[in-house]
Structures are given as structure tokens and as C-alpha cells.
1. Residues that are open to solvent by less than 60 Å² (accessible area, probe 1.4 Å): list the helices (runs of 4 or more DSSP H) wholly contained in region 196-306 that include at least 3 such residues.
2. Here is a check on your reading of the model: is Ile280 aliphatic (A, V, I, L, M) and over 23 Å from Ile229 (Cβ atoms)?
3. What is the one condition in (1) at pLDDT 95 or above; (2) surrounded by 13 or more Cβ atoms within 10 Å (Cβ to Cβ) that Val98 does not satisfy?
4. Going by what's in this entry, would Lys40 be described as at pLDDT below 95 and surrounded by fewer than 13 Cβ atoms within 10 Å (Cβ to Cβ)?
5. Are there any pairs, at least 6 apart or on different chains, whose C-beta atoms fall under 9 Å, with the first in region 141-161 and open to solvent by 50 Å² or more (accessible area, probe 1.4 Å) and the second assigned to a helix (DSSP H, G or I) and among the aromatic types (Phe, Trp, Tyr), and if so, which?
6. Within region 192-207, how many residues turn out to be touching a residue at least 24 places away in the same chain (Cβ under 8 Å) and of a type outside the set (Lys, Arg)?
7. When region 165-174 is examined, which residues are found to be open to solvent by 20 Å² or more (accessible area, probe 1.4 Å) and either closer than 20 Å to Leu289 by Cα or of a type in the set (Ser, Thr, Tyr) (or both)?
8. Could you tell me which residue of region 201-241 is farthest from Val288 (Cα to Cα), considering only residues that are of a type in the set (Gly, Ala, Ser) and under 25 Å from the mean Cα position of the chain (by Cα)?
Amino acid sequence: MLKSTLIKLANYKDMEITDDMRGEPLNENEIEGFLDKLAKRNVVTTDVEKIESGDFAVLNLKADQERFNRKNLKLTVGLGMFNSELETQVIGMSRGEVKTLNVHGHDVLVDVQSVQRRSLAEVSNEIILSLNIKGVTTVSEYKAHLINKDLKEKRTSAICQNIVDFVINNSEFAISEEDISYLYQLQLNAYDLFSRRENVPLEELVSQYYGKSVDEFKESLMNGTPNSIKYILLFLEYNKEDQNLQSIQAQYEEQIKEDSAMHGISIEEAKKSHPYDFFIVSRYKGMVLVKWFNYAEERVREAELA
């Protein structure tokens, strides 16, 4: 049980939401990026005459070698999944063409049955209609929808970040040095156990995931521990209303089962490498942030309807 206490809780609903809590609208390049993603979800396949690299072809092959004696061979030309030399030589052949190729010193009779090419669809009003977005039926309306949706998301995120600063800075906490030492060591032990289980040195692990040296990582962990304790205290205070402790315990047990199965270790070993107190550090913070984010969303939605 923590020795740290929450002395005074700042009510996040008392924070003034100002007009400057927002982000920049999407620029043209960002909008085009969204349209490209939409185009990639609507690939068009067309029949073509000549084979190019990347085309999907159906070939009949005849040869003395069994490997090249195939009927209705389906392949994407150029990937090399069947035979790189043959795939290179069929480029430029036409649908219906029959030709003898020399592949690795062997004659292979190639009969091109069909050639298809996949290309990105041009984003049209028909594609936009298929998205079933209320009030959005054209490409221009979709662009406006993207801009508006993005602005609302940025507005929500900005309000949420201001709530974080408001509550953390205006609440009063008594943070125990003993709690800091305990949670810091708990987190460090968890990372150390993870590195040993994965057979990756801690130095390599923190460099890969955090871009830090071990000393920098330890300093960052120590500096962040008081805030982690604050989030635990905030969650416990909010939990008096929401009663989420039982569900978190159940989530932890489920996580331990998954860890045990994934790494082939016992439940006891999984709990040792992923202690409950370590689990709740991130989980409690996440649930507090979700509470604040939901409130920010409500305020943005209310302003939109006003």
C-alpha cells in the first residue's frame, strides 16, 4: 500500500476551456495522404495485352523438366516466387502469345493465357458514397470532412493535455520517497527481467525502444516515478465513483495467462516478471487519461451542437 497521499484534488471540470486549445488544420499534402490510403483500399484490376513487371499472369508451360511443365501457372511477374529468369524473360510477351524461352539452358514453351494489372483507383464520388459517411457524398465534401474531423481530434487532444497540466499542477500530493524508491526499483527490475528473458542486454533493449543509454534510461525512469505515483493516487480517488479495481485485477490475470502461454513459463514465473504493481502503474495512468479524454470529447461535441 502506498504511503503517498492525495491532499487536495483539483476538479478538472473547473479548468477554463479556451479557444487557443486547438491544432493546425490539415495541409494539402496531408489530405492527399488520406486520399492515397483510400485509393489503396480500392484497387482496380484490368486486363492488359503486354506483360510488365508486377502484372498478374496465367501461363501454360511445357518443358522436359518437370518443374517447368505447368498448366495455369499463376504468378505475379517480377517477384521471383516461381523463377526469376523465366519471369524476366516473359516481360513484354502478349496475351495469347506462344514463345520458346531458354531458361537455365532448357527450352520452355510459354503460352500466355491472361495478363492483369492492378492499379490504384482514382478517388471518385462513387467511392466516397460507399463509405456511408452521413452528409458526405462527394470528394470535396470528403476533404472538408477530413479537415473537420482532424480539427476536432486535435481540439480534444489539446483540451485533454491542458487538463493533465491543470490537475497535476493544481492538486496537492504528499509523495513518499519510499514509494519513489519502491516503484523505481520495481520498474527497473521488470525491464531487467524482460531483457534476460528475451536474451537481449538491457543496454541494447533501452537503446532500441527508447533511444537512450542505460544511465539516461534510469534517470528518465526515476524522474517519471513521482508522476506515476500521482496518477495512481488520482485513479484511486476517481475509483471511489467508478469502481474499476476488480476489472483491473481480472485484466491482470488475463495478461499473466497470455504471458505464460507466449513465453512457455509458469504462472508464477509470469507474475514474477510482470508484477501486479508494475502492471497498475501504466494501467491506472491510462484509465485516468481516458476519463479526462472522454470529458474533453464531450465538451467538443457540446460546442459543435451549440
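1. 202-210, 214-242, 245-263, 276-305
2. Numbers: aliphatic (A, V, I, L, M): yes; over 23 Å from Ile229 (Cβ atoms): no.
The answer is no for Ile280.
3. Only one criterion is unmet by Val98, namely (2).
4. Details: at pLDDT below 95: yes; surrounded by fewer than 13 Cβ atoms within 10 Å (Cβ to Cβ): yes.
It is true that Lys40 is at pLDDT below 95 and surrounded by fewer than 13 Cβ atoms within 10 Å (Cβ to Cβ).
5. Qualifying pairs under 9 Å: Lys143/Phe34; Ser157/Phe293.
6. Of the residues in that region, 2 qualify.
7. Selection gives Asp165, Phe166, Ile168, Asn169, Asn170, Glu172, Phe173.
8. Initial filter on region 201-241 (of a type in the set (Gly, Ala, Ser)): 207, 211, 213, 220, 224, 228.
Then keep just the ones that are under 25 Å from the mean Cα position of the chain (by Cα); that gives 207, 211, 220, 224, 228.
Working: Ser207: 29, Gly211: 27, Ser220: 22, Gly224: 16, Ser228: 11 Å.
The qualifying residue farthest from Val288 (Cα to Cα) is Ser207.
The values are calculated or read from the model by the stated rules, or taken from the named source; none is laboratory data. On a predicted model such as this, the values are computed, not experimentally measured, just so you know. No Cβ is skipped: glycine too gets one built from the backbone with ideal geometry, and neighbour counts run over all protein chains shown. Side chains included, ligands, DNA and RNA excluded: accessible areas come from the protein's heavy atoms. Shrake-Rupley method; radii C 1.70, N 1.55, O 1.52, S 1.80 Å.
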